[in-house]
Every structure is written in C-alpha cells, then in structure tokens.
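> The following block contains the structure, expressed as structure tokens.
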Amino acid sequence: MTLTLSPALDIATQVPRLCADAKLRCTPPIYTPGGGGINVARAIHALGGRALALFPAGGASGQQLVELLDAEGVANRPLAIAERTRECLNVLEQAGAQQYRFVLPGARLSAAEQTQLLEAVAALPGPEYLVISGSQPAGLAADFLPRLLRGAAGRGVRCILDSSGEALRLALAAGGLFMIKPNLNELSSLAGEALLGPERLAGFAHELVDGGGCDYVLVSLGAQGALLVGRELNERLAAPSVRRRSTLGAGDSLVAGVTLKLAAGAHWREALRYGVAAGSAAISGEGGALCRRADTERLFARLQALG
C-alpha cells in the first residue's frame, strides 16, 4: 500500500522556447496522476505487481486524478477532502531540451481529515509494506507521521518513507521505520553538512541505522545509481548508461522496484539492482511514463550480468 499526503494532477506540455511576457503556444497537455506514493503504486503496477494507492482527493482535479488511476488499472482508495487537489505543471522547452517543473502547494488537510486518514490506514488489511512518499501538506500535525508509523509497526507493517526535512527528522526520531529513501541533497540536509565522498556518505547512513531510526537507508544518487546501507549491508551500485529524456518519477520507480522485489522474497542485492534498473528506465522514458517493464527487465539483466 502507498500513502500520498499531497497528491497532484500533473499536466505536461512543451513550448518552443521560454520567453518572458510573451504568449507561449503550448502543445496539447498530457494529464497524469502525480504524487510520490501514487507514482510508486503506478510503477509497481507497470512492473507487474499489485499496490493500493491511498490518498486525499478533492474537487474536479481530485476526481480526474481518480479517473486516471482507474484507467491505468491502479487500485486506489481516495479520501474525500474539502480543498481541491493541486495541479502541477511540467514544461519542456524544446530549444534547449530543458525541463521546468512548477509545483503548486498541496491541499491542506483539516484535523478531522488527518484523523480520517489515520483511521483509513488502520482499518485496511495490513499490507506487508507501506510506502509513504511525497511532500507534506501545510498544517500537517507534527505527530501525524509518528502516530502513523507507530500504528503500522504495531501491526507488523514494514514502513518505507521517502520524504525530507522536518518530516524525515520527526519520523526518524519516532523510530519503527523499515527504510528511508532520501536523495543526496536530502541526506546532506539531514546531516547538516555536504556529504562529500562515498565513505562519509555511507558513514552517515550507518549512523542513522545504528541510532535505531530505521533499519535501512536507500540513497538515490541520480546518474550515479544508488547506495543501500543496513546494519550488515553496504552496497553501492552504479546506474546503467541510458539516454536521459526525463527525470520525473525516477526516484519513485527506484522505490517501486526495490519494494516489489523485496515483497517477492528477493535478496537485497537483487532488489537494489532491480530498483536501479527501474529508475534508469524512468529516466530513459517519456515524461510522466515512469518505468516500463520491458525496459526495466532489459536493464536489470544488464546489471545482473555485471555480477
């Protein structure tokens, strides 16, 4: 199961060139479901797995988000809220092949809506894994994530968190996390310093594990691949070389690939390779497409052959 607290209706378009004050003629928009947890569920579905996406949704944009997930065949459970689901705009400038991402603030959740979300998670049959991914909406109670994590851990659910900043700090302080998935900048922010060099990077990840905040740290390193650290695990894997078309959803695809393999009983080494393959497949795909199964399997086979 995945939980997305700030889902979005993503709108992708292209313009010949970005120019201030001018009317920019855009290509026809492409609408896709957005938000970290939702993208993880979509990627798991694309890779042949099953995941239930839980998220708050409001207004016409929230209804369209649900309709898009239904059309993809992704199981979902929306919770009705008063505010309208946000829309985000991804613009590709054709002249420079540069991508611009305009991210609007997420819908606020009232205290009652936050309680309903916690109750909804607790009421559903306990999944083996719960992926909590994406930004946090303004006004979220400081104890929301700790309460969620304690409740899930008490039911034997393995929680994976892909977040940053204060939300990540609070979750680590609460404990009970199976895995966190920061990128390099997010982990450096948590450390309060630039984590330069592989030894310092792995060392700080081990500090988090040894401190009891989580069992594993999965660090996404973009084109450099990923680092996975546990109490007796320190594995760094370079990403395969692919043509970069979009960075959208690469981290979510990484989480999806790793989680899907772990749920199938795979060893950590295999799960990491599959996750990096999925992330690389997302980078080489068109914007909003996330990872494709055929591309992921091909890249996974290449990584497996390297030993």
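> Regarding residue 43, is this residue in contact with a His (Cβ under 8 Å, 6 or more places away or on another chain) and closer than 18 Å to residue 131 by Cα?
Working: in contact with a His (Cβ under 8 Å, 6 or more places away or on another chain): no; closer than 18 Å to residue 131 by Cα: yes.
When the stated conditions are applied, residue 43 does not pass them.
> Sticking with this structure for a sec: Can you name every residue in region 25-50 that is open to solvent by 20 Å² or more (accessible area, probe 1.4 Å), in a loop (DSSP other than H, G, I, E, B) and within 20 Å of residue 162 (Cβ to Cβ)?
Passing the criteria: only 50.
> Where residues in region 161-209 are of a type in the set (S, T, N, Q) and outside any loop (DSSP other than H, G, I, E, B), which of them is surrounded by the fewest Cβ atoms within 10 Å (Cβ to Cβ)? Write out each step before concluding.
Going residue by residue through region 161-209, those that are of a type in the set (S, T, N, Q) are 163-164, 183, 185, 188-189.
Next, only the ones that are outside any loop (DSSP other than H, G, I, E, B) stay: 183, 185, 188-189.
Values: 183: 18, 185: 11, 188: 17, 189: 17.
Checking each candidate, the answer is 185.
> Can you pull out the residues in region 230-250 that are touching a Gly at 6+ places or on another chain (Cβ under 9 Å), of a type outside the set (Gly, Ala, Ser) and surrounded by fewer than 23 Cβ atoms within 10 Å (Cβ to Cβ)?
Matches in region 230-250: 236, 237, 240, 245, 247.
> From the set of residues in region 54-92 that are without any contact (Cβ under 8 Å) to a residue 60 or more places away in the chain, polar (S, T, N, Q) and under 27 Å from residue 126 (Cα atoms), which is surrounded by the most Cβ atoms within 10 Å (Cβ to Cβ)? Can you show your working first?
Step one: of region 54-92, the residues without any contact (Cβ under 8 Å) to a residue 60 or more places away in the chain are 55, 57-84.
Add one more test, that the residue is polar (S, T, N, Q), and what stays is 61, 63-64, 76.
Still in the list and also under 27 Å from residue 126 (Cα atoms): 63, 76.
Values: 63: 15, 76: 23.
By that ranking, first place goes to 76.
> For region 1-24, which residues satisfy the criterion of being of a type in the set (D, E, K, R), in contact with a strand residue (DSSP E or B) (Cβ under 7 Å, 6 or more places away or on another chain) and in a loop (DSSP other than H, G, I, E, B)? Lay out the reasoning, then the answer.
Of the residues in region 1-24, the ones of a type in the set (D, E, K, R) are 10, 17, 21, 23.
Still in the list and also in contact with a strand residue (DSSP E or B) (Cβ under 7 Å, 6 or more places away or on another chain): 10, 17.
Scanning region 1-24 gives a single hit, 17.
> Give the residue that is modelled with the lowest pLDDT, with candidates limited to residues of region 161-183 that are out of contact with any Cys (no Cβ under 9 Å at 6 or more places or on another chain) and aliphatic (A, V, I, L, M).
Step one: list which residues in region 161-183 are out of contact with any Cys (no Cβ under 9 Å at 6 or more places or on another chain), which gives 162-170, 173-174, 181-183.
Next, from what is left, pick out any that are aliphatic (A, V, I, L, M): 167-168, 170, 173-174.
Details: 167: 90, 168: 92, 170: 90, 173: 90, 174: 86.
Going through the qualifying residues, I end up with 174.
The values are calculated or read from the model by the stated rules, or taken from the named source; none is laboratory data. Please read these numbers as outputs of a predicted model, since none were measured by experiment. Neighbour counts are summed over all protein chains in view; Cβ atoms, including those assigned to glycine, are modelled from backbone coordinates with ideal geometry. The accessibility values were calculated without ligands, DNA or RNA, using every heavy atom of the protein model including side chains. Shrake-Rupley method; radii C 1.70, N 1.55, O 1.52, S 1.80 Å.
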